[in-house]
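Chemist: Handing you a structure now.
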Ligand SMILES: Cc1ncc(COP(=O)(O)O)c(C=O)c1O
């Protein structure tokens, strides 16, 4: 970061940002890419480009873009969501086809399908690739709807499934990935897609105040993330599985099935989640809830095997 060559990215003159955008576009099999400050902004910019105000964006009911972005989709893009069940993390193709025909009966016109891979609330599950293609067919049948893929953790899906990120992104018009989170960059996300879509996204990034100047300083960390942090996600996945085994041993009724933990996320039910979080916090372990009585643990680069064994011990003694 200290040695990054920089320029004014508002004029497209930052060589490090450009290198990152090119490297990312190639990595996910798209023609162009845009560096944005956050995953939320990447999702919002995609909505603003692909989903006109007042139109329907079809999405899973627990997806980040629906639940977590401070209501941004309503305020920034003015879209209405048509929510499809995403219990297993994927969307039902029939739900998408139905939304396509519902527009004939007083419902808003669908404009976009939003997917999340890996799907965090379902436990960080990667989509089976066949399901992605079924959904792409449904989107095509529902009036040729474009797909926006929230791939905040797309590389976790790549590592867990062995399917290259470019193939996972192929059915989508746009794909967003975070360079932070598991890839460890301090800041930054990417949005990739066709050149004309990314040109429009560049404009919308400016509208949202996301245009940056000598951003090469942070883009440099993004390049390191992309080049050196993907393969090691397998360690996070292995450690999450170990945590899931400890949870399943301690609370067999928690719905935590270690075999289903394929990435860096462990989600389980606990009747007094608040007390459990307090207990973990006193031992220096940060965890959170994602729904009532539903706890989430995440692993990442700075949680090593010894840390995981400590958590296992603390969980065994937890209320
Ligand atoms: C699936 C998903 N999408 C988007 C985001 C937004 O990323 P950011 O926190 O960089 O805005 C997150 C953040 O946790 C996420 O989990």
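Chemist: Counting only Cα atoms, I'd like the Rg/Rh figure for the stretch 218-276, Kirkwood definition for Rh.
Modeler: 1.17
Chemist: While we're looking at this one, here's another question. Springs between alpha-carbon atoms under 10 Å, Gaussian network over the chain: tell me which of 70, 43, 156 tops the mean-square fluctuations.
Modeler: Comparing 70, 43, 156 in a Gaussian network model of the chain, the most mobile one is 70.
Chemist: Principal axes first, then extents: for the Cα atoms of the stretch 130-236, list largest minus smallest coordinate on each axis, whole Å, largest first.
Modeler: Largest to smallest, the principal-axis extents are 44, 39, 17 Å.
Chemist: So what is Rg over Rh here for the stretch 79-125, counting just Cα atoms and using Kirkwood for Rh?
Modeler: With Rh from the inverse mean 1/r over Cα pairs, Rg/Rh is 1.02.
Chemist: Also, I was wondering about something else. Subtracting the Cα-Cα distance from 0.36 nm times the residue separation, let me have the gained length for residue 283 to residue 207 in nm, one decimal. Kindly include the intermediate steps, with their values, before the conclusion.
Modeler: Numbers: separation 76, 0.36 × 76 = 27.36 nm, distance 4.36 nm.
Between residue 283 and residue 207, full extension yields 23.0 nm more.
Chemist: Let me ask you something else. With no solvent and one equal point scatterer placed on each C-alpha of the stretch 34-115, evaluate the Debye formula and give log10 I(q)/I(0) for q = 0.10, 0.21, 0.22 Å⁻¹, two decimals.
Modeler: Taking Cα atoms of the stretch 34-115 as identical point scatterers yields -0.22, -0.94, -1.02.
Chemist: On to the next question. Take the chain, connect every pair of alpha-carbon atoms lying under 10 Å apart with a spring to form a Gaussian network, then pick out the residue of 50, 276, 183 with the largest mean-square fluctuation.
Modeler: 276
Chemist: Among 176, 229, 190, 41, which comes first, then next, by fewest other beta-carbon atoms within 10 Å?
Modeler: In order of increasing Cβ crowding within 10 Å: 229, 41, 190, 176.
Chemist: Run lengths n ≥ 4 of DSSP H only: what is the helix-derived mean residue ellipticity at 222 nm for the chain, with -39500 (n - 2.57) per run over all residues, to the nearest 500?
Modeler: After summing the helix terms and dividing by the residues of the chain, the value is -12500 deg cm²/dmol.
Chemist: Quote to one decimal, in nm, the extra length available between residue 272 and residue 310 on full extension: 0.36 nm per residue of separation minus the C-alpha distance between them.
Modeler: Taking residue 272 through residue 310 to full extension adds about 11.5 nm, to one decimal.
Chemist: So, one more: Over the alpha-carbon set of the chain, work out the extent along each principal axis and list the three values in angstrom, largest first.
Modeler: Extents along the principal axes: 57, 55, 34 Å.
Chemist: Let me ask something else about it. Given labels modelled 7 Å from the Cα in the Cβ direction, how far is it in nm from residue 300 to residue 257?
Modeler: It is 2.9 nm.
Chemist: GNM on the chain, C-alpha springs below 10 Å: top fluctuator among 253, 69, 26?
Modeler: The residue that fluctuates most here is 253.
Chemist: Oh, and also: Can you quote the Å³ per residue value for the convex hull of the Cα atoms in the stretch 104-186, rounded to an integer?
Modeler: Normalising the Cα hull of the stretch 104-186 by residue number yields 110 Å³.
Chemist: A further question follows. Taking every Cα atom in the stretch 1-146, find the radius of gyration and the maximum pairwise distance Dmax, and write them in Å.
Modeler: Here Rg and the maximum Cα pair distance are 17.1, 58 Å.
Chemist: With a point put 7 Å past each Cα toward its Cβ, work out how far residue 83 is from residue 109 in nm, to one decimal.
Modeler: 2.6
Chemist: So how do 64, 301 line up by other beta-carbon neighbours within 10 Å, fewest first?
Modeler: Ascending Cβ contact count within 10 Å gives the list 301, 64.
Chemist: Could you tell me the calculated FRET efficiency between residue 22 and residue 141, based on Cβ-Cβ distance and R0 = 30 angstrom, to the nearest 0.05?
Modeler: That pair, residue 22 with residue 141, gives E of 0.30.
Chemist: Can you bin every Cα-Cα distance in the stretch 190-248 into 10 Å intervals starting at zero and give me the percent of pairs per bin, rounded to whole numbers?
Modeler: Answer for the stretch 190-248: a P(r) of 18, 27, 27, 19, 9 percent.
Chemist: Starting from the Cα of residue 68, step 7 Å along the direction of its Cβ; do the same at residue 249; then give the gap between the two resulting points in nm.
Modeler: Taking the two extended label points, one gets 2.9 nm.
Chemist: Here is a further query. Sort 40, 289, 282 so that the residue with the fewest other Cβ atoms within 10 Å of its own Cβ comes first and the one with the most comes last.
Modeler: Ordered from fewest to most neighbouring Cβ atoms within 10 Å, 40, 289, 282 come out as 282, 289, 40.
No value in this document is a laboratory result; all are computed from the given coordinates. All of these numbers come straight from a predicted model, not from anything done at the bench. Virtual Cβ from ideal backbone geometry, glycine too; neighbours counted across all protein chains shown.
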